[in-house]
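I have placed the structure first, in the form of structure tokens, so that the comments after it can refer back to it.
The values are calculated or read from the model by the stated rules, or taken from the named source; none is laboratory data. Being a predicted model, the structure only gives us computed values, none of them experimental. Don't worry about glycine lacking a Cβ; one is built from the backbone with ideal geometry, like all the others, and counts go over all protein chains shown.
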Amino acid sequence: MNEKSISNALFGGLIAITLVSVAASRLHFGRELAVAVALGFAAVKAALIGWFFMRLRHEGWIIRGAVLVGVFAVLVMAVGILPDLAIQLK
């Protein structure tokens, strides 16, 4: 598969994930679950963009490690905020 067809397939996949995300936001489940689903879709889209469009797949282990440290830091902060969010939404 050449680079252009991969980019086109990825673009189509990102559009599909966005449409599924919008459709999921129209469903009426709890706010906590809606936030978790939206963050999950956003994480998948960010990973795809980083891996393919930002060429992280071609980088060395130092760059990949730096990205993973940043992702881990964001996850720690998000998990730390979730209990407060759950209390405020009640």
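Scan the stretch 25-69 residue by residue and report those that are more than 15 Å from the chain's Cα centre (by Cα) and small (Gly, Ala, Ser).
Once the filter is applied, which keeps residues that are more than 15 Å from the chain's Cα centre (by Cα) and small (Gly, Ala, Ser), the stretch 25-69 yields Ser25, Gly30, Gly60, Gly65, Ala66.
Looking for whichever is at pLDDT 90 or above and either within 26 Å of Asp84 (Cα to Cα) or part of a helix (DSSP H, G or I) (or both) here; the options are Ala9, Ala38, Ala24, Ala43. Which one fits?
Step by step, each of Ala9, Ala38, Ala24, Ala43 is checked, and only Ala9 is at pLDDT 90 or above and either within 26 Å of Asp84 (Cα to Cα) or part of a helix (DSSP H, G or I) (or both).
Quick one: in the stretch 47-62, which of the residues that are among the hydrophobic types (A, V, I, L, M, F, W, C) and in contact with a helix residue (DSSP H, G or I) (Cβ under 7 Å, 6 or more places away or on another chain) is farthest from Ala9 (Cα to Cα)?
Among residues in the stretch 47-62 that are among the hydrophobic types (A, V, I, L, M, F, W, C) and in contact with a helix residue (DSSP H, G or I) (Cβ under 7 Å, 6 or more places away or on another chain), the one farthest from Ala9 (Cα to Cα) is Leu56.
Out of the residues in the stretch 49-62 meeting the condition of being at pLDDT below 90 and in a helix (DSSP H, G or I), tell me which one is surrounded by the most Cβ atoms within 10 Å (Cβ to Cβ).
Phe52
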